[in-house]
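Bear in mind that the values in this text are calculations on the coordinates, not laboratory data. Keep in mind the model is a prediction, meaning the values are calculated, not measured. Don't worry about glycine lacking a Cβ; one is built from the backbone with ideal geometry, like all the others, and counts go over all protein chains shown.
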């Protein structure tokens, strides 16, 4: 939201509920077609460069929107959290070391609750349909109960939420072993119409990912900004 507001304040155009249906190169530019999903109205834009930062849909956009081969395979790794009544009175968070060599966080939230998470589970469905499963609930409760005297059960859970990490497929055997580092790929046609694709990022990766994106595109297009002023473009919220 902060990034979208910063774009609008500087004269950029922000289109919510607008889906890019396809994009192609033409005469050294990108042609981009999109549709307003509410009204059905379609748009076509021209652009000197294109950024594919579609998160877990990054490969899907290559296949369906760009009709290009993705430079990387993607593994979708689900991470789920449970929210319970405040588990402890201390202001700090806890990092729990589990016997499977993973860590789980217990984070105070809104004075009244604690967030417990996360998990690492291979996911093969549509990212928009992701949700926690019974095995994940049991896993998080067990890790918590192994470390705290105050025990929790399923009836203590007031809310759950899940997300999907689009990780580059490095052929690791387990979801936990797949690299968490972001990957940037730049492709152009003879120095024109560059496509920058962002594979895997999280909110806490935004500052370094943004600077890296800026440098990649800036090296191809001399008209692009030489650097991002972090004070003017806030990249982190408060959690």
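Things to note:
- For 150, 78, 142, the sequence from fewest to most other C-beta atoms within 10 Å is 150, 142, 78.
- Separation of the stretch 143-171 and the stretch 83-97, taken as the distance between their Cα centroids, equals 13 angstrom.
- Part-to-part distance (alpha-carbon centres) for the stretch 52-80 and the stretch 19-39, which is given in Å: 17
- Segment residue 43-residue 109, extension gain: residue separation times 0.36 nm, minus the distance between their alpha carbons: 19.6 nm
- In this simple spin-label approximation, residue 148 and residue 183 carry label points 7 Å from Cα along the Cα→Cβ vector, and these lie 3.8 nm apart.
- Unit Cα scatterers, Debye sum, the stretch 74-168: log10 I(q)/I(0) for q = 0.10 Å⁻¹: -0.26
- Based on Cα contacts under 8 Å between residues 6+ apart, the stretch 74-168 shows a relative contact order of 44 percent.
- Model label sites at residue 63 and residue 18, defined 7 Å from Cα along the beta-carbon direction, differ in position by 2.7 nm.
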